[in-house]
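To keep things clear, I will list the structure first and then write my remarks on it.
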Amino acid sequence: MTIGVLGGGQLGRMLALAGYPLGLDFVFLDRAADAPAGQVAPLICGEFTDRARLAELGTRAAVVTFDWENVPLEALRALPARCAVRPSSGALATAQDRVSEKRLFERLAIPTTRWRAVDSREDLERAAREIGLPGVLKTRRMGYDGKGQAVVRTAAALAAAWRRLGGVPLLYEEYVPFDFEVSVIGVRGVRGEQALYPLCLNTHAGGILRLTRAPFESLALTRRAHRYMRAALAHFRYVGVLTIEFFVRAGRLIANEMAPRVHNSGHWTIEGAQTSQFENHVRAIAGLPLGSTAARGHAAMINLIGRMPRRAALLAHPGLHLHDYGKAPRAGRKLGHCTLLAESAAARDRRARRLLAELAPEIRIP
């Protein structure tokens, strides 16, 4: 079976690397000729709206998935009818619109922030009065890694955020002074079977994920997050991997956003789980049985941002697993990641602290 992927970034690259041992083949469509997935699989270069390129992808693949939630819905609709699309366009459409996402959380009784849709300056001022300051103003579409949003604490900051972001549909929501952030990753197969990974504890800086530690051993939070994930998977009759990110405030989970794809906070599963999120995604969309999501120990995943450290220096750390995506250096760009495994959470955190002191001293582990 050949799997087609819309988007050829590092997530797609890792999907292919997970699928090859299963006897699966891959073909990618991406706008960039140097997309990371092109290092490991055939790459069709073209726009996601190019019907000829989409037809070629659909002709070569039995099933199509995506590695980026901002792939145009029109691209999925333009694929040949014989080609299955997994996950569904409904899940993708919901994740692309923050208002649809908030309504989904409310429908499924998943706690989220107080929010209002904003289409005018008057809407924004009304939302700020009703919800209060501080708040967060976000574009409804195309925001990721901290882009397309502004934290506003004063009326002057609110006006400045409108000047910067106004002109497109927006969402205003309450600012959550969270204690920490977590994510839950689940997978559902074509026959409705589900498997859920342990809860991930995430640390961001500048809107970009820098560190994930897993499993996060809070039984109460894990049970709650798994319940919410099961509801979302069932709602969409989902096929593939789905991620929901949460704020945690005073022991309460508050849903922030979802991603209908494999996720950065799940990279630790490559070495740290019985079956990685990437393998389970391709198993699911190919109609194969799901693999165990049990952790193999205690993992820490560190993103490598902006520039790659010296390979030899990284690999001098015993047991470190390095993933270089083969991307050109650029400020704020995810170029790779590395993962550490340990037999206990305390040992993992000690090793992660030493590594972070070299790579990102601004990131602190309590």
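The values are calculated or read from the model by the stated rules, or taken from the named source; none is laboratory data. This is a predicted model, so every value here is computed, not measured. No Cβ is skipped: glycine too gets one built from the backbone with ideal geometry, and neighbour counts run over all protein chains shown. Please note that ligands, DNA and RNA were not included when accessible areas were found on the heavy atoms of the full protein model with its side chains. Shrake-Rupley method; radii C 1.70, N 1.55, O 1.52, S 1.80 Å.
Would you confirm whether or not the stretch 115-126 contains a residue that is at positive phi and either of a type outside the set (Lys, Arg) or not in a loop (DSSP other than H, G, I, E, B) (or both)?
no
State all residues of the stretch 42-71 that are open to solvent by less than 10 Å² (accessible area, probe 1.4 Å), within 16 Å of Leu11 (Cα to Cα) and of a type in the set (A, V, I, L, M); if no residue qualifies, say none.
Scanning the stretch 42-71 gives Val64, Val71.
Within the stretch 325-340, take every residue that is in contact with an Asp or Glu (Cβ under 9 Å, 6 or more places away or on another chain) and over 20 Å from Leu356 (Cβ atoms) and give me the one that is surrounded by the fewest Cβ atoms within 10 Å (Cβ to Cβ).
This residue is Ala328.
Only one of these is part of a helix (DSSP H, G or I), among the hydrophobic types (A, V, I, L, M, F, W, C) and crowded, with 24+ Cβ neighbours inside 10 Å: Ala234, Ala225. Name it.
Of the residues listed, the single one that is part of a helix (DSSP H, G or I), among the hydrophobic types (A, V, I, L, M, F, W, C) and crowded, with 24+ Cβ neighbours inside 10 Å is Ala225.
Among all residue pairs at least 6 apart or on different chains, which show Cβ distances below 9 Å where the first residue, located in the stretch 101-123, is closer than 26 Å to Val184 by Cβ and polar (S, T, N, Q) and the second is open to solvent by 40 Å² or more (accessible area, probe 1.4 Å) and part of a helix (DSSP H, G or I)?
Thr112/Glu106
Name the residues in the stretch 148-161 that are open to solvent by 50 Å² or more (accessible area, probe 1.4 Å) and over 19 Å from Ile208 (Cβ atoms), would you?
Correct list: Arg153, Thr154, Ala155, Ala156.
Considering (1) touching an Asp or Glu at 6+ places or on another chain (Cβ under 7 Å); (2) open to solvent by 60 Å² or more (accessible area, probe 1.4 Å), say which one Ile365 fails and leave the rest.
With (1) touching an Asp or Glu at 6+ places or on another chain (Cβ under 7 Å); (2) open to solvent by 60 Å² or more (accessible area, probe 1.4 Å) applied to Ile365, the lone miss is (2).
Here is a list: Ala41, Ala33. Which entry is more than 27 Å from Asn280 (Cβ to Cβ) and not hydroxyl-bearing (Ser, Thr, Tyr)?
Ala33
Filtering the stretch 292-312 down to residues that are small (Gly, Ala, Ser) and surrounded by fewer than 16 Cβ atoms within 10 Å (Cβ to Cβ), which residue is nearest to Ile363 (Cα to Cα)?
It comes out as Gly306.
Quick one: how many residues across the stretch 81-105 are open to solvent by 10 Å² or more (accessible area, probe 1.4 Å), touching a strand residue (DSSP E or B) at 6+ places or on another chain (Cβ under 7 Å) and under 13 Å from Glu257 (Cα atoms)?
Qualifying residue count for the region: 2.
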